[in-house]
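Enquirer: Sending over a structure as structure tokens; questions will come in a sec.
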Amino acid sequence: MCDAYCDDEGVSAPSRFKTSARDMVLSLVVLLAIVGSIVWLTQGCEFSPSGPKVDPSAAPTVDAAKELGGAARRVDFAVRLPAVPADWHANSSNTVPLGVGAARTTAVRVGWITPGGKYLRLSQSKAPVDDLVVMEAGGSVPSSSTGSVDVAGTKWAKHRGKGDEPSWVLSVDGVQLLITGSGTEDEYRTLATAAQEAKPITRS
């Protein structure tokens with residue numbers, strides 16, 4: 001039996017209040033979990049007018065020497081290990097196929113995070129320059145050169161890359177070295193110098 005504190009459905013006001021409070025607490029817990037997940041997923045990245053910056057300490061780590069050494073034993077072209085600055089953080093490495101039929105080959109890639117939080121990738125392949133440029137840009141750009149840049153007396157061809165990221169390309173003994181990413185021009189030059197000075201890895 002209900003008294004003056006019952007609602008139209010016969011539920012006492014205190015009971016209904018307890019139910020509403022419990023629902024509010026549960027909703028708050030779910031909301032906090034969602035917010036926490038978003039913060040966790042984005043903690044390694046911040047955005048700036050010049051593009052996204054990555055926190056090197058939050059990025060994955062790869063052993064560039066080990067990865068490139070292994071790739072050198074698997075592919076049929078010379079692979080180089082550039083001596084980048086010690087404070088550059090190698091965070092990615094992979095090999096990707098490109099071309100078809102008899103022209104099918106591989107691109108060997110390693111990426112680094114610079115101290116300023118920018119990303120640069122070196123791609124090495126015996127594929128034609130045009131094919132490598134288009135592949136690295138995601139197939140969205142013309143492969144023609146847009147100019148050149150001199151790096152310690154060596155001329156690298158400049159191409160359009162993905163978005164506003166340029167690609168620098170150098171051909172060395174039939175192998176294309178391509179640099180792309182969000183790095184500054186000085187960082188591009190640093191990687192280009194290291195790449196052009198590197199000797200092919202000895203296969204063992």
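The values are calculated or read from the model by the stated rules, or taken from the named source; none is laboratory data. Just so we're clear, the structure is a prediction, and the values are computed from it rather than from any experiment. A quick note on method: Cβ atoms are made from the backbone with ideal geometry, for glycine too, and the neighbour counts reach across all protein chains shown.
Enquirer: Would you mind telling me which numbered condition in (1) farther than 28 Å from P200 by Cβ; (2) at pLDDT 70 or above A86 fails?
Expert: So A86 meets the others, but not (1).
Enquirer: Any idea how many residues of segment 131-160 are more than 20 Å from T105 (Cβ to Cβ), in contact with a Ser or Thr (Cβ under 9 Å, 6 or more places away or on another chain) and in a loop (DSSP other than H, G, I, E, B)?
Expert: 2
Enquirer: Find the residue count for segment 64-96, including only residues that are under 16 Å from the mean Cα position of the chain (by Cα) and of a type outside the set (A, V, I, L, M, F, W, C).
Expert: Adding up the residues that qualify gives 6.
Enquirer: Taking interchain pairs and intrachain pairs at least six residues apart, which have beta carbon atoms under 6 angstrom, with the first residue in segment 179-202 and touching a residue at least 24 places away in the same chain (Cβ under 8 Å) and β-branched (V, I, T) and the second in a loop (DSSP other than H, G, I, E, B) and surrounded by fewer than 17 Cβ atoms within 10 Å (Cβ to Cβ)?
Expert: Every condition considered, the pairs that remain are T193/A152.
Enquirer: Name the residues in segment 98-120 that are touching a Ser or Thr at 6+ places or on another chain (Cβ under 6 Å) and of a type outside the set (S, T, N, Q), would you?
Expert: G99, A107, V108, R109, V110, G111, K118, Y119
Enquirer: Report whether or not S204 is surrounded by 12 or more Cβ atoms within 10 Å (Cβ to Cβ) and either of a type in the set (D, E, K, R) or not in a strand (DSSP E or B) (or both).
Expert: So S204 fails the test.
Enquirer: Moving to a separate point now. Scan segment 122-139 for residues that are touching a helix residue (DSSP H, G or I) at 6+ places or on another chain (Cβ under 9 Å) and buried (at least 20 other Cβ atoms within 10 Å of the Cβ) and report the count.
Expert: 5
Enquirer: In segment 97-118, is there at least one residue being among the aromatic types (F, W, Y) and within 12 Å of the chain's Cα centre (by Cα)?
Expert: Yes, some residue in segment 97-118 is among the aromatic types (F, W, Y) and within 12 Å of the chain's Cα centre (by Cα).
Enquirer: Also, I was wondering about something else. For segment 84-116, give me each residue that is among the aliphatic types (A, V, I, L, M) and surrounded by 14 or more Cβ atoms within 10 Å (Cβ to Cβ).
Expert: V84, A90, L98, A107, V108, V110, I113
Enquirer: If you don't mind, there's one more thing I want to ask. Can you give me the number of residues within segment 64-115 that are in contact with a strand residue (DSSP E or B) (Cβ under 7 Å, 6 or more places away or on another chain) and either at positive phi or not aliphatic (A, V, I, L, M) (or both)?
Expert: The qualifying residues number 20.
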